[in-house]
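Read-outs: derived from the displayed coordinates by stated rules, not from any lab. What you see is a predicted model; the values in this text were computed from it and never measured. All Cβ positions, glycine included, derive from the backbone under ideal geometry; neighbour counts span all protein chains shown.
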Amino acid sequence: MTLGYLLLSALLMFTATVVPRFVPFVFIKRKISSPFWKSFLYYLPYAVLAALTFPYVFYSTGSIPAAAIATAAALLMSVFELNMAIVAAVSFLIALGLGFLF
């Protein structure tokens, strides 16, 4: 990764988290009552951050299959609403262990 890419990513993440929270306060004078716009502005930063970071999960290890299996395990654990620290630790250990096999 180059410095320019990291700075561009940081700028995009900053924009994705600030703009949806800043724009309504500045440009919209009345209260937002539409459930669609409320949920859209609430979930937009999370969606953009996920879209920026998720593809690099598969390249975080030296092995794409190991990272894919660890990601699938993390998604499965998150469906069961386990603690985030447990999900991160277990998926890390799975990726580390499978990294030696693949």
Quick note on I64, I94, ordering by fewest other C-beta atoms within 10 Å, gives I64, I94
Contact order relative to length for the range 58-102, counting C-alpha pairs under 8 Å separated by 6 or more residues, stands in percent at 49 percent
If L82, L98 are placed from fewest to most neighbouring beta carbons inside 10 Å, the sequence is L82, L98
With R₀ set to 25 angstrom, the calculated FRET efficiency between the beta-carbons of K29 and L49, to the nearest 0.05, is 0.30
For V19 and F80, extending 7 Å from Cα along the Cα-Cβ vector and measuring point to point gives, in nm, a value of 3.9 nm
For semi-axes √(5λ) of the Cα gyration tensor in Å, with candidates [x] 34, 19, 9; [y] 24, 17, 16; [z] 21, 17, 12, the value calculated from the shown model is option [x]
